[in-house]
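The values are calculated or read from the model by the stated rules, or taken from the named source; none is laboratory data. Bear in mind the structure is a predicted one, so any value in this text is a computation, not a measurement. Here the Cβ positions follow ideal geometry from the backbone for every residue, glycine too, while neighbour counts run over all protein chains shown. Only protein heavy atoms, including side chains, enter the accessible area calculation; ligands, DNA and RNA are left aside. Shrake-Rupley method; radii C 1.70, N 1.55, O 1.52, S 1.80 Å.
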Amino acid sequence: MEEKIIDENRQGEFLMIDGESNLKGRKLLLESYGCQMNFSDSEIVASILSEAGFSTTRDPEEADLILLNTCAIRDNAEQRVRGRLDYFRSIKKRKPEMVVGVLGCMAERLREKLLEEEKLVDLVVGPDAYRDLPNLIDQVDTGQKAVNVLLSREETYAEITPVRLNSNGITAFISIMRGCDNMCSFCVVPFTRGRERSRDPQTIVQEAKSLFDQGYREVTLLGQNVDSYKWNITNKGEILDPSKPTTNFAQLMEMVAKIHPDLRIRFSTSHPKDMTDDVLHVMAAYDNICKYIHLPVQSGSSEVLKRMNRGYSREWYLQRIEAIKRIMPDAAISTDIITGFCGETEEQHLETLSLMKEVEYDLAYMFKYSERPKTLAERKYEDDIPEEVKGRRLKEVIDVQMECSAKRTKTYVGQVHRVLVEGTSKKSDQHYQGRTTQNVVAIFPKGDAKPGDYVDVLVNSCTAVTLLGELVAVYPRIVSTEN
Ligand code: SAH
Ligand code: SF4
Ligand code: F3S
């Protein structure tokens with residue numbers, strides 16, 4: 001009761017100061033780190049807080065509330081956030097009333113400890129507790145610190161319409177599921193994001209449809225393991241409501257692809273142990289499903305994969321790659337690699353290099369192993385590869401990949417590619433940039449095209465990963481004015 005009285009007093013103060021009550025009229029600065037899912041979550045947070053009366057700003061000096069949506073995947077991801085908090089500390093010295101909150105995976109991992117370690121932090125909120133943000137901010141307004149890091153088995157924010165942040169108005173993310181049940185031994189995600197749960201397919205299709213009607217032309221369906229998306233059916237295969245259809249990932253993708261042939265579909269991330277041929281056949285059947293698969297391998301050694309608890313062997317993985325190449329010969333494939341995982345021998349590292357040369361990935365995201373607290377690997381194995389060995393192996397992996405990427409990019413020169421125009425090139429205001437179905441960036445003179453149009457680009461030359469070309473045809477975007 002006492003809290004309530006203090007709260008009302010504070011509301012009065014705000015009324016006097018800026019003519020608005022409670023949260024209304026306050027300015028939010030929201031910064032995001034980590035994976036696409038985190039960026040997508042920030043759009044949910046922005047939606048919840050704009051309902052509560054906040055408007056956004058990019059200027060920390062102007063912000064009443066600073067929220068950092070954080071990543072905990074590797075130690076250096078956390079160090080970046082700590083560096084940013086140091087910077088905000090200097091602003092808060094001048095503006096003590098400014099509220100600073102940490103959201104996302106680092107908030108979930110460190111919980112109350114964050115309040116002890118980072119004295120300027122007032123608010124700690126985990127990925128499943130964003131609906132509670134307005135209440136938690138009220139609590140901070142009463143002079144208390146506020147924490148909610150409860151993980152949920154149901155929360156998917158299904159009916160919340162995200163506020164598109166930093167949007168180009170052409171491409172958007174749609175979260176189709178949350179959490180992860182896989183327990184790869186190196187990975188902190190199951191601890192920070194909780195159990196896997198899928199979102200109602202009707203709400204996903206609705207969101208994609210509404211984006212298309214607003215002029216968007218590409219959606220990326222997001223989940224830590226999209227191949228395990230399921231609706232109305234349990235992990236054991238029991239149907240929950242027999243009167244309704246069940247939906248798996250292949251079916252969901254088809255539902256979204258049918259919205260309109262001009263709406264491109266991408267997705268991330270596939271898991272090699274769960275990726276079915278059904279998904280590949282649906283991809284092949286629809287022109288608007290982009291011919292690009294991100295299929296993280298992590299290591300080329302079956303022994304290492306076993307210690308990583310990935311659930312597949314080198315042979316199984318290569319058989320999945322063979323299926324992609326057979327069903328979609330022109331598909332681009334990318335991957336994630338970790339070097340220097342616990343106990344990785346020189347031979348096992350060489351197996352990773354040989355797998356990369358065999359697959360010839362178009363693109364790879366490559367990391368040194370970073371031990372994460374509480375994970376299976378931290379409890380079971382020694383982080384025994386010296387830092388300089390991890391670094392040297394990473395360099396070797398990067399060198400192989402640079403060669404593969406350059407080789408693949410060169411094969412596109414001389415060809416005509418359909419590109420979705422995303423906006424002006426970062427390097428030249430005379431040029432547009434967009435991506436091919438294979439997710440390769442193409443740069444070309446603007447001509448008569450506009451963002452949101454599809455264009456055909458004749459590729460004249462390339463850098464290591466970018467295509468340079470000229471316009472040969474423009475297919476203007478027609479935005480429905482009925483809605
Ligand atoms: N769900 C996705 C990956 C999410 S994390 C999947 O299963 O593939 C993105 C990438 O970060 C991982 O694929 C892995 O390569 C890397 N990663 C995760 N934990 C790591 C760690 N402890 N050290 C180094 N890299 C890590
Ligand atoms: Fe982490 Fe593995 Fe889940 Fe990916 S599938 S999020 S690597 S536990
Ligand atoms: Fe990072 Fe969390 Fe994504 S740990 S990679 S932000 S799920």
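Does segment 254-275 hold any residues that are out of contact with any helix residue (DSSP H, G or I) (no Cβ under 6 Å at 6 or more places or on another chain) and closer than 19 Å to G311 by Cα, and which are they?
Taking segment 254-275 as the starting set, the residues that turn out to be out of contact with any helix residue (DSSP H, G or I) (no Cβ under 6 Å at 6 or more places or on another chain) are 257-258, 261-262, 264, 266, 268-269, 273.
S268, T269, K273, listed by residue number.
Which is more than 16 Å from ligand 1 (Cβ to nearest atom) and touching a residue at least 40 places away in the same chain (Cβ under 8 Å), of V147, V140? Give the derivation first.
Numbers: V147 fails: touching a residue at least 40 places away in the same chain (Cβ under 8 Å).
Step by step, each of V147, V140 is checked, and only V140 is more than 16 Å from ligand 1 (Cβ to nearest atom) and touching a residue at least 40 places away in the same chain (Cβ under 8 Å).
Of everything in segment 256-305, what is open to solvent by 10 Å² or more (accessible area, probe 1.4 Å), within 27 Å of S354 (Cβ to Cβ) and part of a helix (DSSP H, G or I)? Give them in sequence order.
D277, S302, E303 - these are the residues of segment 256-305 that are open to solvent by 10 Å² or more (accessible area, probe 1.4 Å), within 27 Å of S354 (Cβ to Cβ) and part of a helix (DSSP H, G or I).
So K374 ticks every box in (1) open to solvent by less than 10 Å² (accessible area, probe 1.4 Å); (2) among the basic types (K, R); (3) on the phi > 0 side of the Ramachandran plot but one. Which box is left unticked?
(1)
Considering only residues that are open to solvent by less than 10 Å² (accessible area, probe 1.4 Å) and not in a helix (DSSP H, G or I), which ones fall in segment 334-366? Outline the logic, then answer.
So the first thing to find is which residues in segment 334-366 are open to solvent by less than 10 Å² (accessible area, probe 1.4 Å), and the list is 334-335, 337, 339-342, 344, 349, 352, 355-356, 359, 361.
Scanning segment 334-366 gives S334, T335, I337, T339, G340, F341, C342, E344, Y361.
In segment 168-185, how many are within 15 Å of ligand 3 (Cβ to nearest atom), open to solvent by less than 30 Å² (accessible area, probe 1.4 Å) and of a type in the set (A, V, I, L, M, F, W, C)?
Selection size over segment 168-185: 4.
Got a number for residues in segment 166-193 being more than 11 Å from ligand 1 (Cβ to nearest atom), assigned to a loop (DSSP other than H, G, I, E, B) and touching a strand residue (DSSP E or B) at 6+ places or on another chain (Cβ under 8 Å)?
So the answer is 3.
Would you confirm whether any residue within segment 319-326 is at positive phi and not assigned by TED's automatic domain parsing to the domain that holds N439?
Going through segment 319-326, the residues at positive phi turn out to be none.
Looking for residues that are at positive phi and not assigned by TED's automatic domain parsing to the domain that holds N439, one finds none in segment 319-326, hence no.
So L165 passes all but one of these: (1) open to solvent by less than 40 Å² (accessible area, probe 1.4 Å); (2) within 17 Å of the chain's Cα centre (by Cα). Which condition number does it fail?
So the condition that L165 fails would be (1).
Could you list all residues from segment 194-253 that are open to solvent by less than 40 Å² (accessible area, probe 1.4 Å), away from ligand 3 (no atom under 16 Å from the Cβ) and at positive phi?
G215, N232
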